[in-house]
Structures are given as structure tokens and as C-alpha cells.
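Taken together, the values in this text are just the output of simple stated rules run on the coordinates, not laboratory data. The model shown is predicted, which means the values in this text are computed figures rather than measured ones. Positions of Cβ are generated from backbone atoms using ideal geometry, with glycine treated the same way; all protein chains shown enter the neighbour counts.
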Amino acid sequence: MPSNTSPGLIPASGGAKARFDGRRLSVERDRTVWHIPVEAIRSAELGEGSAVSVELSGDASGASRHGLGVSFSAPAANVIAAKVLRDRLNAALAAVSPAADGHSLVVRETLPRFRHRFLTAEFRRQRIAAGALLVWLVVIVAIAGPGTLAFVSWLTPLGGFVVGIAVARRIRPMRTLRRRGVTVPGRVVGSVSAGSKSSAQHYPLLTFAADDGTTHEKVRSVVSVWAVPLNGTVDVTYDPEDPALATRPKTFSHSFNTVVMVAMGGLLVGLGLFILVLLATG
């Protein structure tokens, strides 16, 4: 039986997310966050699709104070995550009495704008390395003879195919976690690194308690980071069917590296096809 009183974060679609810590529900949409105590909630039940329908207590006229509405739908990442949130809320509601005017207890805040640090040293090194590789490929095409071009024409698509396999292995776990992942609080207890020293990707090691109460330690995160992560708390999304598949929230560095890999694979395939056209028409 899952522990419905344990805190957790359930990422939702459209950039929204909801956190319940056992005492209050925090709903974030864009840069607006509503903090809703359990006493302000009248009911919580599954809505359409993968959503939780939450109704606030009190007169409907009080809804204008916070702009959230008399009731609202919190779209979860998947049906499993929605059921977990629903069960946790109902377990907490069973221990309290709804307030006469729940709308007055809702607190609304606006988050500051967040700017990514695009000019980190590692980002600059990766950009320089990608540029150098592109220049190297252009030089080969410019000075190579027909024999070398023929060799490159089949080698570059092969390289693109290898990169494509790496991209697929990178994306598949994230798709699985979006489909059935559940998010809970966890801790970063270390990291492992992959790649060269100048462009290493660091994968946090995560320790977390699953919703069924079992603890999982030093699970490698699917998402990587540029900087070596410090020990601390982090939201962990895991697969209930395979808790060894888990990740911290998506980072800019992980997304950027994925885009670079896709672009590099496309470049290699495109270059190979371009050289074949040159050989065929030359």
C-alpha cells in the first residue's frame, strides 16, 4: 500500500506542476505559484485524463481573491502520478476539517524570471570543440581527392548512424518517465562522470524513498549536469515498475547536449550525401 502522506512533486503538462508536502498544495503555472493549505481544500478527485480536480472550500465569491477559481484541474504528467497526488491529498483531508473560507487561506506569488548561464566555461569549450570539428570536415572536403571523398562519403553517414543510436538511448528513458514516472523528494549523494575532461557530463547519484516506502540509494540520474552537483535535496522522478530508472529535473546542459548530438548526426549524414552528389556529378 503506497504511503500517501509522504511529500512529493508531480510535474504536470504544459509547464505546470504541483507539490504537496503533507500540509499544503503548491500549484505552479508559468511564473505564478498558489500555496493552498489542506484546510482550504474541500475535495480532490481524478479528473479527465491524467488530471486531479481540486475543489476549494468556502463561498464562490472568494475565488476572485487569488484567481485560481472555485475548483481547478491540476494536469499531472501521467495517470499514475495523478492517482498518487489524489491519494495523498485525500489522506491529508481525512485528518482535518475544511475551513469555512478556504479562499482566504490561498497565497499567490510570482516567481522571478530565470536566466540560464549560457557562458559557463564548459559551454564555451563545447562550442569551440563543435566549431573545430565543423571546420575540420569542411577542410577535408575542400582539399581531398576523389578517393578520400569516396571514403568520407560512407564514413560520415556511419558516424551519423552511431550518433543516432546514442540519441535514441538518451531520449528513450525520458519518454518512459514522462509516461509513467512519479516524482518524490530525494537527495544527491554523489556523481559519476562520462566523457573527456574538457567536456565531461556529470550524472548525479540519487537516493530517494519511493511511494511504496522502499528506499533506493545511489541511483544514477538519466539527466546530466555540467557542474559537479553538490549534496542536497532534489526532486526525483522514478519509474514505479523499475525504480532503478530515475532522474533529477531536466537541465539546460542535458537538453543542449542532446540538441548538439542531433545536429551533429544530421550534419554527418548530410555531409555524406553531399559528397555522394559531388562524386556522382563530377
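Here are the numbers for this structure:
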| item | result |
| --- | --- |
| Over the stretch 31-118, volume per residue of the alpha carbon convex hull, in Å³ | 112 Å³ |
| Modelled FRET efficiency - R0 25 Å, N90 with V259, Cβ distances, 0.05 increments | 0.05 |
| Nearest-0.05 FRET efficiency for S73 and R187, computed from C-beta distance (R0 41 Å) | 0.85 |
| Length released on extending from R175 to T110, taking residue separation times 0.36 nm less the Cα-Cα span | 20.4 nm |
| Residues in the stretch 199-223 reached by a label modelled at T233 [backbone nitrogen below 14 Å; 7 Å Cα→Cβ] | 208-209 |
